[in-house]
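**Student:** My questions all concern the structure below.
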Amino acid sequence: MWKNEKGQSLVEFALLIPILILILMAIVEFGFMFNTYITINNASREGARLGSLGGSDTEVALRVLEASPNLASENFTIAVTPGVRNRGDMIRVNIQYDYQIITPIMSTVLSPLIDLEAETVMRVE
């Protein structure tokens, strides 16, 4: 009776290993995506702070890119509103970033591009 069950654990492991690899890749991908979200959120705060102190739209966009050096600048869409700001107005910095899936297994399961967005609103000083 015990002789017939020698390969049972190997078969069970072979059946479960693809699921375990998929879960592991999902955890890794989510970690990279969350890091990117935190980076663009911080970059929008940096840009809004500069804009609230009198920086131009171009300076705000440059500050956003400087605050996120590990991200591809061509994947950014930066919107700064309003264009003309007076003291007491609210400045809004909206960043949209096209996140590209890094792990090859997850790119077959999910869309290869995921849109991440961060927005910060501050009062102009």
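**Student:** Residue check: is A61 assigned to a helix (DSSP H, G or I), of a type in the set (G, A, S), touching a residue at least 12 places away in the same chain (Cβ under 8 Å) and out of contact with any Pro (no Cβ under 9 Å at 6 or more places or on another chain)?
**Tutor:** Numbers: assigned to a helix (DSSP H, G or I): yes; of a type in the set (G, A, S): yes; touching a residue at least 12 places away in the same chain (Cβ under 8 Å): yes; out of contact with any Pro (no Cβ under 9 Å at 6 or more places or on another chain): yes.
Against the criterion (assigned to a helix (DSSP H, G or I), of a type in the set (G, A, S), touching a residue at least 12 places away in the same chain (Cβ under 8 Å) and out of contact with any Pro (no Cβ under 9 Å at 6 or more places or on another chain)), A61 qualifies.
**Student:** Could you run through the range 84-109 and say how many residues are among the hydrophobic types (A, V, I, L, M, F, W, C), open to solvent by 70 Å² or more (accessible area, probe 1.4 Å) and touching a residue at least 40 places away in the same chain (Cβ under 8 Å)? Steps first, answer last, please.
**Tutor:** Within the range 84-109, the first condition is being among the hydrophobic types (A, V, I, L, M, F, W, C), and the residues that meet it are 84, 90-91, 93, 95, 101-102, 105-106, 109.
So of that shortlist, the ones also open to solvent by 70 Å² or more (accessible area, probe 1.4 Å) come out as 84, 90, 102, 109.
Remaining after also requiring touching a residue at least 40 places away in the same chain (Cβ under 8 Å): 102, 109.
Residues meeting the conditions: 2.
**Student:** Quick check on A72: is it among the aliphatic types (A, V, I, L, M) and loosely packed, with under 11 Cβ neighbours inside 10 Å? I'd like the intermediate steps shown before the answer.
**Tutor:** On the way: among the aliphatic types (A, V, I, L, M): yes; loosely packed, with under 11 Cβ neighbours inside 10 Å: no.
No; evaluated as a whole, the condition is false for this residue.
**Student:** Quick one: M106 ticks every box in (1) part of a helix (DSSP H, G or I); (2) closer than 30 Å to E125 by Cα bar one, so which box is it?
**Tutor:** (2)
Let's see how each residue does on (1) at pLDDT 90 or above; (2) open to solvent by 100 Å² or more (accessible area, probe 1.4 Å); (3) in contact with a strand residue (DSSP E or B) (Cβ under 9 Å, 6 or more places away or on another chain):
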site	(1), (2), (3)
E12	no, no, no
M25	no, no, no
V28	yes, no, no
G31	yes, no, no
N35	yes, no, no
S44	yes, no, yes
S52	yes, no, yes
R63	yes, no, no
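**Student:** Next up: Being under 24 Å from G51 (Cα atoms) and open to solvent by 20 Å² or more (accessible area, probe 1.4 Å) is the requirement here; does V121 meet it? Let's see the steps before the verdict.
**Tutor:** Working: under 24 Å from G51 (Cα atoms): yes; open to solvent by 20 Å² or more (accessible area, probe 1.4 Å): yes.
When the stated conditions are applied, V121 passes them.
**Student:** Within the range 17-53, track down each residue that is touching a residue at least 60 places away in the same chain (Cβ under 8 Å) and closer than 16 Å to V121 by Cα.
**Tutor:** Of the range 17-53, the ones touching a residue at least 60 places away in the same chain (Cβ under 8 Å) are 21-22, 25-26, 28-29, 32-33, 36-37, 40-41, 43-45, 47-49, 51-53.
Matches in the range 17-53: I40, N41, A43, S44, R45, G47, A48, R49, G51, S52, L53.
**Student:** Answer with yes or no whether T81 is without any contact (Cβ under 8 Å) to a residue 40 or more places away in the chain, within 26 Å of L113 (Cβ to Cβ) and either under 14 Å from the mean Cα position of the chain (by Cα) or open to solvent by 90 Å² or more (accessible area, probe 1.4 Å) (or both).
**Tutor:** On the way: without any contact (Cβ under 8 Å) to a residue 40 or more places away in the chain: yes; within 26 Å of L113 (Cβ to Cβ): yes; either under 14 Å from the mean Cα position of the chain (by Cα) or open to solvent by 90 Å² or more (accessible area, probe 1.4 Å) (or both): no.
In short, no.
**Student:** Would you tally the residues in the range 64-88 being of a type in the set (D, E, K, R) and assigned to a helix (DSSP H, G or I)? Quick ask: steps written out before the conclusion?
**Tutor:** The initial filter retains those residues of the range 64-88 that are of a type in the set (D, E, K, R), namely 66, 74, 85, 87.
Filter once more, keeping what is assigned to a helix (DSSP H, G or I): 66, 74.
Summing the residues that are of a type in the set (D, E, K, R) and assigned to a helix (DSSP H, G or I) in the range 64-88 gives 2.
The values are calculated or read from the model by the stated rules, or taken from the named source; none is laboratory data. Predicted model only: the values in this text are computed from it and were never measured. Positions of Cβ are generated from backbone atoms using ideal geometry, with glycine treated the same way; all protein chains shown enter the neighbour counts. Just so you know, the surface numbers come from the protein's heavy atoms only, side chains and all, with ligands and any DNA or RNA stripped out. Shrake-Rupley method; radii C 1.70, N 1.55, O 1.52, S 1.80 Å.
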